[in-house]
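The next block holds one structure in the form of structure tokens; read it before the comments.
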Amino acid sequence: MDAIRLSNVSKTFDGLRAVADLSMSVPEGSLFGLLGPNGAGKTTTIRMILSIILPDAGSIAVLGKPAGQDVNKFIGYLPEERGLYRKMKVGDMLMFMAELKGVDKAAGRRGIDHWLERLDLLSWKKRRVEELSKGMQQKLQFIATILHQPRLMILDEPFSGLDPINVNLLKEIVLEMSRGGCTVIFSTHRMEQVEQMCDAICLINKAQLVLHGDPKSIRREYGKNTVVVDFEGAPDSILGEWPGVEKYNSSGRWAEVRLKRDADSREYLQYLVRHFRLNKFEVVEPSLEEIFIEKVRASNEADLDRSEA
Amino acid sequence: MKQIWTVLKREYLFRVKSKAFIIGTLLGPLALAAMVGVPMLLTKVEVKEERRVAVLDDGGSVASALPESAFFGKNSTYRVTRVTSDSTGRAKTLERLKGDVIAQRLHGVLIVPEKGEEFLYLAKNVGNFVEIAALENAVSSIVVEARLKAEGLDPGRIEELTRAVNLRALRVTQEGVREEKGQTIMLTYVMSLILYTSLLIYGVSIMRSVIEEKSTRIVEVLLSSVSPFRLMAGKILGVGSVGLTQYLIWAAFGALISAYGALVAGAFLPRQDLSSFVNIPISVLLYFLLFFVLGYFVYATLYAGIGAMVNSEDESQQVQLMVTMFLVLPIMLTPLVLKSPDSRLSVALSLFPFFSPVLMMMRVCIINVPAIQIALCVGFSLAATLLVTWVVARIYRIGILMYGKRPTLIEVVRWIRYS
């Protein structure tokens, strides 16, 4: 069964197309990446899944039922714009959030203590939310998302603003919940953060679906014609002067180089050795980020062509 | 239902536990008591200082009669001295007396005219209209008495013959006949003012709370758990319960204080009839609750809608004004309704749902409003509540997620039609 199934969903705001004829599905139990640049329509899609806004056309099924308030109690949602009652006490606020999701008092109390302890916030339970640091408030919001043991979690940019230790802690918890059968959706424009975790992704750009599938096969489809180079001794522009290079993405000493389909990576290695001192040369599958950038560029160009024609 | 209850509980507990509520609840009655009590106390404070008034009266008839009149009598702090024009002439004497007033050796100078009937009173301060009126009265009665005597009539006899009759106003109600001494008008004013104030305060408080949830972005999390309608309903009911709690506390305070006050007063003034002082008819209190609840739903919902439309309190001012007008208008119409509470216009105005909390409250205080009108009023108010809720729920659903530019009226209308 699919945890979420969108069929031909569209949404327009005052003439602005936010989501256009989007169909996709999220397999139950998967770690799913909802990817796309800013303004692609990710948040609108999520809001429609949660029935916060209603689609103009198309239908949405969540956990086997039509989307609506009834299924929402099985969903945990961490919005990108975090929001807490600043004047409330930490424990009271979590209890309120849990009760809204239908958790009973005793279970709520147990859950609150457990998670506050786990995320190292227990000593703050009686303090007001506004006294917490920003990172702590992030963690608090995360607790509010999982207190009712959701069957589906939707995390919008879950790791922004957190230090690496807390990022790992949250990832650990998310993976635990995923192993427990919870479907997890990451919505993000930072692919490297979720690349290793996701077992299915979809890429949205300009309100439309661009790519859909599991990352492994997507990367395989793009073939082993990408080279990662760690180099010294010459400017990076030389990287692209070899005729077999399609494009490269360099950060000065480290670059991801995409070769043309018929180019031989061994010949490229010989070319590089003549110009650089190489610390690393590796033939890899393209990263999701690279595919992402290329796909977005391609779909934007297609859009442009269409509007010019 | 459970979700509405959860939202209600949070709003209620959060507010009732807040310092603002505790301070407001305690200081509210104190402020009211101060408003009523301080002027009453002030009138009791007597100026013990002696005030010397010179009467420039060359004839002498007025000056000699003045000390006998009530205002300048034995217990008065005014001391009257007669002055006549000295050898330098009347004008010079007057100048000297003026100098005395400026130097504060004299409180004032009363000048009895040589001819004609225009008296003059010169003082540093002539703003005290109580003093001026009393003086005018005293002088008038002396002059009138003199005129009567000149015609050969007996002033005492005249007074006896022209004595006014007494008219006792009794209010007939189902419970019997009750004497009116202005306490009804007082009660009416106080009740409608409390209603007006609390509708305004709690309405704005709801609006603030909606704006706060919007600006802290918590609303998005909330809406992933609870529908906008339930969120709004819980909020309105929660804040309303806070209002009712405050009234209950005040009513308990009031009952306690007036019971205690009556006891104390009874001990000191055993023969005084104090029942009219303590007695607010229970029906009036029940009507008060009814109109608070009816008015509250209409206005709270309207204010919630404003909160959903705007991004900040600054932005809300203009829109808020439109709603506040509906609350202020009935207060401005008060004299009209008080003068003729039974007129067709008064009935129509009091049935208009946005006016009825204040105006119908006034009418039930003064007269016995027919049951059919009360029923109509309740019906209209409920219908208005449903209509307003229907409209605002639509605005709320869309507006609450809108950030940035404030929507125009046209956009709001589109929201209502669209969702």
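The values are calculated or read from the model by the stated rules, or taken from the named source; none is laboratory data. Bear in mind that the values here come from a model prediction, so they are computed numbers and not experimental data. Cβ coordinates were reconstructed from backbone atoms using ideal geometry, including for glycine residues, and neighbour counts include every protein chain displayed.
Observations on the structure shown:
- Looking at the range B:143-257, the helices (runs of 4 or more DSSP H) lying wholly inside it that each contain 3 or more residues that are within 14 Å of chain A (Cβ to nearest Cβ) and touching a residue at least 40 places away in the same chain (Cβ under 8 Å) sit at B:183-215, B:218-223.
- Residue within the range B:173-181 that is modelled with pLDDT under 85 and either touching a Phe, Trp or Tyr at 6+ places or on another chain (Cβ under 6 Å) or among the β-branched types (Val, Ile, Thr) (or both) present: yes
- First in the range A:134-157 and within 11 Å of chain B (Cβ to nearest Cβ) and under 20 Å from residue A:68 (Cβ atoms), second anywhere and modelled with pLDDT under 95 and assigned to a helix (DSSP H, G or I), Cβ under 6 Å, 6 or more apart: A:148/A:98; A:154/A:46
- Residue that is modelled with the highest pLDDT, among those in the range B:1-25 that are loosely packed, with under 11 Cβ neighbours inside 10 Å and under 29 Å from the mean Cα position of the chain (by Cα): B:23
- Number of residues in the range A:66-87 that are within 9 Å of chain B (Cβ to nearest Cβ) and part of a helix (DSSP H, G or I): the value is 2.
- Hey, residue B:90 surrounded by 13 or more Cβ atoms within 10 Å (Cβ to Cβ), over 30 Å from residue B:185 (Cα atoms) and basic (Lys, Arg) or not: yes
Yes/no per residue for (1) over 30 Å from residue B:13 (Cα atoms); (2) in contact with an Asp or Glu (Cβ under 7 Å, 6 or more places away or on another chain):
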{"site": "A:30", "(1), (2)": "yes, yes"}
{"site": "A:36", "(1), (2)": "yes, no"}
{"site": "A:50", "(1), (2)": "no, no"}
{"site": "A:60", "(1), (2)": "yes, no"}
{"site": "A:115", "(1), (2)": "no, no"}
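- Qualifying positions in the range B:130-142 - touching a residue at least 24 places away in the same chain (Cβ under 8 Å) and among the polar types (S, T, N, Q): B:137, B:141
- Taking the criterion of being in a helix (DSSP H, G or I), more than 14 Å from chain B (Cβ to nearest Cβ) and exposed (fewer than 15 other Cβ atoms within 10 Å of the Cβ), the residues of the range A:88-132 that qualify are A:106, A:107, A:110, A:113, A:114, A:117, A:118, A:123, A:131.
- Against the list (1) in a strand (DSSP E or B); (2) at the interface with chain B (Cβ under 9 Å from one of its Cβ atoms), the condition residue A:47 fails is (1).
- Residue in the range A:53-67 that is in contact (Cβ under 8 Å) with a residue 60 or more places away in the chain and surrounded by 23 or more Cβ atoms within 10 Å (Cβ to Cβ) present: yes
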